[in-house]
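**Q** This is the structure I have questions about; it appears just below.
The values are calculated or read from the model by the stated rules, or taken from the named source; none is laboratory data. On a predicted model such as this, the values are computed, not experimentally measured, just so you know. A quick note on method: Cβ atoms are made from the backbone with ideal geometry, for glycine too, and the neighbour counts reach across all protein chains shown. Protein only, heavy atoms only, side chains kept; ligands, DNA and RNA dropped before computing areas. Shrake-Rupley method; radii C 1.70, N 1.55, O 1.52, S 1.80 Å.
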Amino acid sequence: MKAPEREVTNRDVAERLTLMARLLGIAGEDQYRIAAYERAGRQIDRLSLPVAGLDEEELTRIPGIGERIAGQIREIAATGTFGELRDLQETIPGSVVDLLGVAGVGPKTLHTLYKKLGIQSLDDLEQAVKGHRLRALSGFGAKREETIQRGIEQFRRRPNRMTRPQADAVLAALPDGPYTVAGSYRRGSSTVARLTIVAIEDRPETREGGDDGVDVRFTEPGRCGTALLCATGSAAFLERLGEVAARQGYRLTPEGLVEAANGRLQEFASEEEVFLFLGMETVPPELREDRGEIELALRHALPGLVGISDVQGDLHAHTTWSDGRQSLEDVAEAGERRGYEYVVITDHSSRVRPEALTKQQAEIERVNRHHDCRLLSGSEVDIRSDGTLGYENRILADLDLVIASVHSGFSQDQDVLTRRILTAMENEHVDVIGHPTGRLLGRRPAYGIDLERVIAHAAATGTALEINASPHRLDLEDIYIRQAKMKGVKLAIGTDAHRIGEFANMRYGITLARRGWCTPDDVLNTRSLSALLEWTS
DNA sequence: GCCGTTTTCGGCCCGACTGTTTTCAGTCG
């Protein structure tokens with residue numbers, strides 16, 4: 001038995017257990033046994049206490065962890081894995097497990113494909129689809145072959161980019177030291193291909209760092225301004241800024257501004273000093289995309305962007321009443337800790353029967369008596385595939401805020417999908433369209449809708465569009481946020497929090513709103529409670 | 001596999017949707 005090379009984290013344990021669940025699924029095991037491992041994995045993942053130090057008795061006190069899995073967790077803590085998992089891994093290659101990432105392929109399908117057709121890899125699967133070997137199996141037909149073929153194409157195209165939490169994890173693992181994160185991360189991009197950091201040293205050696213997907217640039221304190229500016233980009237922004245400098249007789253370099261006439265170097269300790277020297281307003285990193293910001297900065301006319309401190313509440317939260325893991329009390333407490341005036345409870349219409357919704361409203365009133373942060377009664381109501389909404393109008397009329405979202409029928413053609421959303425906006429009770437494009441970063445592309453039509457109709461009907469702040473969605477994308485804002489459409493930033501920790505994702509939503517040039521006035525939840533309620537009524 | 005208990009085995013979240021079926025299984029959220 002080999003000891004693990006580093007301390008085993010809860011994430012490591014959770015990953016092992018989740019992998020066990022997947023392998024059992026492919027092996028065709030009992031679904032409840034599979035579910036037990038999935039549940040255990042989720043449970044460990046959300047635990048704040050490090051699980052590696054617990055003994056078996058303490059472990060079994062965690063809901064969903066019994067004697068068996070407790071023993072396996074102890075084994076993971078000691079050796080990095082566990083025997084039963086190793087045994088299963090020997091019978092099922094890892095390349096088979098990866099196929100679960102193909103949309104339309106679930107555990108049951110994969111079990112059949114693996115056992116009956118011996119499919120072990122993406123290439124195998126594609127060959128089988130192309131050779132029409134799937135439709136020979138019972139339960140499979142031409143349509144499923146097409147679905148899986150689309151899934152394969154999408155899987156192959158998936159970009160190799162980090163989500164922001166993945167990037168944060170890489171940054172957290174870096175050794176301490178004076179440095180600033182630059183690049184697209186600093187500009188607030190929704191995903192990051194490569195991390196760029198500027199390390200500040202008194203006597204920088206001439207060297208290039210670049211381990212572990214991190215690009216390190218060294219500078220000294222006196223030159224930090226241009227170094228950071230150049231490392232932050234974007235390329236288009238820097239090119240345009242270079243032109244501004246050139247018109248004044250300078251060349252922009254990471255070391256400083258070089259006088260064209262005599263090669264003398266002008267150094268700057270901060271970005272602000274560079275912009276000041278060039279006679280410009282400081283351009284916030286989120287705007288540095290060459291979308292007109294340089295011209296405005298020269299005229300000192302940049303918009304006053306919305307900031308996290310402008311936020312008065314969260315407009316999108318789930319609880320245990322649907323698929324969330326937090327109670328109403330948990331939400332009220334989380335809102336209080338964040339200094340919010342309100343949080344809107346927006347459980348899924350598909351999971352809360354009308355009678356339960358009435359009960360929830362009573363419960364919300366009860367919770368509100370004990371907390372300063374006011375819970376509002378809302379819903380995330382499905383826009384069903386036939387275009388109808390998940391609740392009748394008389395129920396929607398009773399709610400403080402209604403978010404309407406598409407959760408199904410993603411593959412409908414663009415016109416049908418677009419019209420579903422337009423129709424939803426026409427309902428007088430619908431206040432917000434949730435995650436308007438439905439994308440899941442790195443997993444699923446945006447569904448095909450005509451966003452220009454959606455934005456125009458949002459303006460016409462006075463419906464807000466959501467900026468979904470979940471780092472796995474970050475939906476709407478910045479250029480559409482800006483288009484919406486320019487048409488007078490309000491943006492509703494919601495975290496879509498399913499558990500307490502996710503309220504902190506608001507910062508991602510704010511970053512995205514800033515990339516869309518939003519001022520506080522463009523964002524619905526910068527309003528006070530009374531102003532918000534006035535807007536919705 | 002876990003849990004709760006009618007203490008040793010039966011139930012485990014569920015609704016919408018799709019495709020392949022003629023009543024259901026699998027996927028997805």
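**Q** Within the accessible area of region A:458-537, what % is carbon and sulfur when the probe is 1.4 Å and the other protein chains stay in place?
**A** 51 percent
**Q** Would you mind working out the accessible area per residue for region A:1-150, using a 1.4 Å probe, and quoting it in Å²?
**A** Solvent-accessible surface per residue comes out at 55 Å².
**Q** Here's something else I'd like to know. If a/c stays under 1.5 just call it rounded; otherwise compare a/b with b/c (prolate if a/b is bigger, oblate if not). Do that for region A:10-157, with a ≥ b ≥ c from the square roots of the Cα gyration tensor eigenvalues.
**A** The shape class here is prolate.
**Q** Let me ask something additional. So what is log10(I(q)/I(0)) for chain A at q = 0.09 1/Å, when the Debye sum runs over its Cα atoms only?
**A** Taken in order of the listed q values, log10 I(q)/I(0) reads -0.83.
**Q** Next up: Kirkwood Rh over Cα pairs of region A:308-536 into Stokes-Einstein at 10 °C, 1.306 mPa s: D in µm²/s?
**A** So the translational diffusion coefficient is about 93 µm²/s.
**Q** Could you report the accessible area of A:SER349 in Å², rounded to 10, computed with a 1.4 Å probe on the protein chains as they sit in the structure?
**A** About 0 Å², rounded to the nearest 10.
**Q** Something else now. Might you work out the accessible area of A:THR147 for me, using a 1.4 Å probe with all protein chains in place, and round it to the nearest 10 Å²?
**A** Surface accessible to solvent at A:THR147 totals approximately 60 Å².
**Q** Let me ask something additional. For region A:156-196, just the Cα atoms, rotate onto the principal axes and tell me the three extents in Å, largest first.
**A** Reported extents, whole Å, longest axis first: 38, 19, 13.
**Q** Let me make sure I get this right: for region A:337-437, a, b and c are the square roots of the gyration tensor eigenvalues over alpha carbons, sorted descending. Under 1.5 in a/c it's rounded, otherwise prolate if a/b > b/c, else oblate. Which is it?
**A** Prolate, since a/c reaches 1.5 and a/b exceeds b/c.
**Q** Then there's this: Relative to the present Cα-Cα distance, how much length would full extension add between A:ARG157 and A:ARG337 at 0.36 nm per residue of separation?
**A** Extra length from A:ARG157 to A:ARG337 when fully extended: 60.7 nm.
**Q** Given a 1.4 Å probe and the protein chains all in place, what does the accessible area of A:THR18 round to, in Å² to the nearest 10?
**A** Using a 1.4 Å probe on the heavy atoms, I get roughly 40 Å².
**Q** Once label points are set 7 Å from the Cα along Cα→Cβ at both A:LEU137 and A:TYR32, what is their separation, rounded to one decimal in nm?
**A** Each label point lies 7 Å from its Cα, and together they span 2.6 nm.
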